[in-house]
Amino acid sequence: MSATKTPTRAMPVVSAKTPVVLLLFDEFAEGSLITEHNRIDRIRYPNFAALGASSTWYRNATTLYDITDWSVPAILSGQRRHPHQLPILSHHPNNLFTLLGRSYRIHSFEPVTRLCPANICPKSSPSFGTRLRRVLSDVKTTSLLRLPAWQGDWSNPRDEVAAFLRTIHPSRRPELYMLHVLLPHTPYRYLPSGRTYEHSRGARDYNAPYRSSTNSTLVDDVYQRYLLQLAYTDRVLGQIVRRLQSTGLWNRSLVIVTADEGISFQPGGHRRFVNPHNVADIAPVPLFVKRPWQRGGAVDDGSARSIDIVPTIADALGIKVPWHLDGESLFAGDRRVPSEIVVNGYFGTVAKATLAKIHAGQKAAIERSTRSFGSGADSVFARGAYRELLGKETADYPAWQGASIRAKIRRPSTTRFDPQSSFTPSRVMGTVSGVPTGDLPQLAVAVNGRIVAVTKSFRIGQATRFETVVPDSAFRAGSNAITIFAVRGGPGGRVALAKIASRR
């Protein structure tokens with residue numbers, strides 16, 4: 001399933017010396033970057049905001065497909081997919097790597113696809129077996145083929161990014177740096193700092209394969225962890241930009257940042273497989289293009305599709321591409337927004353929507369996010385009616401006398417924290433008992449006496465549960481005290497806290 005040599009079609013000799021950087025993120029809904037004012041959130045995502053201020057943001061960019069092994073080859077070839085094509089070189093011999101391979105040194109990181117020939121990129125992707133398991137895991141065909149489900153992570157993004165950063169250095173020969181990193185893709189386990197927490201599945205029905213629970217509280221739990229991982233994705237972007245700047249490559253490089261497809265968090269809906277109800281979440285993808293020596297940012301609301309990236313690179317480098325392209329250069333002046341946005345789904349679904357419907361769906365998703373998590377970096381750790389408790393000392397509030405509610409903390413398995421470690425005991429999960437019928441208490445989570453998270457409890461069957469994530473900045477070296485409080489009162493009366501569980 002992989003070719004080892006460059007295809008025989010004659011590829012051009014490129015006279016341009018412009019470094020090219022292509023960063024490809026995964027499962028990234030563009031709307032999650034944006035505030036209700038249709039701007040990039042500078043507080044949560046400062047590096048994406050800085051990128052937008054120094055590049056052109058194609059605000060109406062969309063993908064053509066809802067699955068990685070279709071969308072990534074389209075990005076790297078500039079062509080639509082034909083039936084039965086696999087994400088391998090022999091099925092996509094005309095691609096960005098073969099186009100530039102005669103003239104450029106290629107640094108390629110492909111965790112899922114294998115489009116770069118081995119003689120150009122000998123270590124660009126994992127083994128065939130690993131990639132096959134990832135593809136099968138992504139489309140969930142393991143059950144259809146009666147194969148055992150692959151239970152491992154898709155990759156270790158932190159290590160992949162570190163390896164990619166080591167390849168960036170000045171060179172007399174022009175270079176292409178291509179990183180496809182599985183962020184903010186599941187499993188959700190990263191905090192904005194890059195530390196990881198326990199990412200075992202929580203409540204049994206909220207993470208069914210690619211479908212969200214109908215319980216909005218459970219969906220918010222997943223979305224919270226996505227937002228935290230997206231903040232880590234922003235951190236990764238900042239690391240790459242700073243590396244390019246420190247090596248003197250940033251100003252003279254063509255830099256393109258995008259994602260393969262979006263993701264949806266509608267209660268009861270599919271998260272990845274596109275349909276008319278979630279197309280506004282799946283279709284839009286972030287797309288930023290920084291031209292060499294570009295000064296200042298711009299917003300382009302013209303047509304932009306994932307298949308336009310290779311034509312754009314060829315245009316910037318002055319290359320005539322020796323194969324048919326389905327996309328067009330983003331630098332073309334006559335681009336128009338199509339009457340319909342079309343996304344082809346893995347299971348044969350073709351979802352269509354006008355741009356107005358896409359914008360309306362994005363606006364609705366942003367409003368849901370704001371209702372659940374407010375705005376600002378710390379507000380991601382607060383859900384519900386008591387966000388004002390964040391950062392407060394529990395001793396400042398009166399005790400809720402006579403509360404019958406009790407809780408049991410099931411995660412984290414340890415409260416010990418090592419500042420030198422990449423792990424943090426930030427995932428807090430458990431069960432609640434003694435809850436009056438029809439009542440789902442609001443909860444506050446304190447670490448060492450300070451409230452660092454606010455969350456809602458929820459009911460699964462006969463059990464009442466809670467799940468949240470707390471910031472790693474809350475922990476001190478050694479053992480820590482994690483305490484769960486039930487909250488009552490406000491806004492007309494004073495808030496009172498009932499201590500219902502504690503773990504050291």
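The values are calculated or read from the model by the stated rules, or taken from the named source; none is laboratory data. The structure presented is a predicted model; accordingly, all values stated were derived computationally and were not measured. All Cβ positions, glycine included, derive from the backbone under ideal geometry; neighbour counts span all protein chains shown.
When region 299-312 is filtered for residues that are in a helix (DSSP H, G or I) and either within 17 Å of Ala259 (Cβ to Cβ) or among the small types (Gly, Ala, Ser) (or both), the ones remaining, listed by number, are Ser306, Ile307, Asp308, Ile309, Val310, Thr312. In region 317-330 there is at least one residue that is assigned to a helix (DSSP H, G or I) and surrounded by 15 or more Cβ atoms within 10 Å (Cβ to Cβ). Summed over region 389-407, the residues that are surrounded by 13 or more Cβ atoms within 10 Å (Cβ to Cβ) and either hydroxyl-bearing (Ser, Thr, Tyr) or farther than 20 Å from Asn448 by Cβ (or both) give a count of 6. Considering each residue of region 481-504 in turn, none proves to be at pLDDT 95 or above, assigned to a loop (DSSP other than H, G, I, E, B) and in contact with a strand residue (DSSP E or B) (Cβ under 6 Å, 6 or more places away or on another chain).
Within the set Val435, Val452, the sole residue that is buried (at least 16 other Cβ atoms within 10 Å of the Cβ) and over 19 Å from Gln224 (Cβ atoms) turns out to be Val435. Taking the listed residues Thr258, Thr349, Thr312, the one that is under 30 Å from Ala16 (Cβ atoms), in contact with a Pro (Cβ under 9 Å, 6 or more places away or on another chain) and assigned by TED's automatic domain parsing to the domain that holds Gln224 is Thr258, with no other qualifying.
No other residue among Lys140, Lys123 is among the basic types (Lys, Arg), surrounded by fewer than 21 Cβ atoms within 10 Å (Cβ to Cβ) and either closer than 20 Å to Val20 by Cβ or at pLDDT 90 or above (or both) apart from Lys123. Looking only at region 197-209, count how many residues are at pLDDT 60 or above and touching a strand residue (DSSP E or B) at 6+ places or on another chain (Cβ under 6 Å). Residues flagged as at pLDDT 60 or above and touching a strand residue (DSSP E or B) at 6+ places or on another chain (Cβ under 6 Å) within region 197-209 amount to 2. Only a single item in (1) loosely packed, with under 12 Cβ neighbours inside 10 Å; (2) within 16 Å of Arg465 (Cβ to Cβ) is not met by Arg427, and it is number (1).
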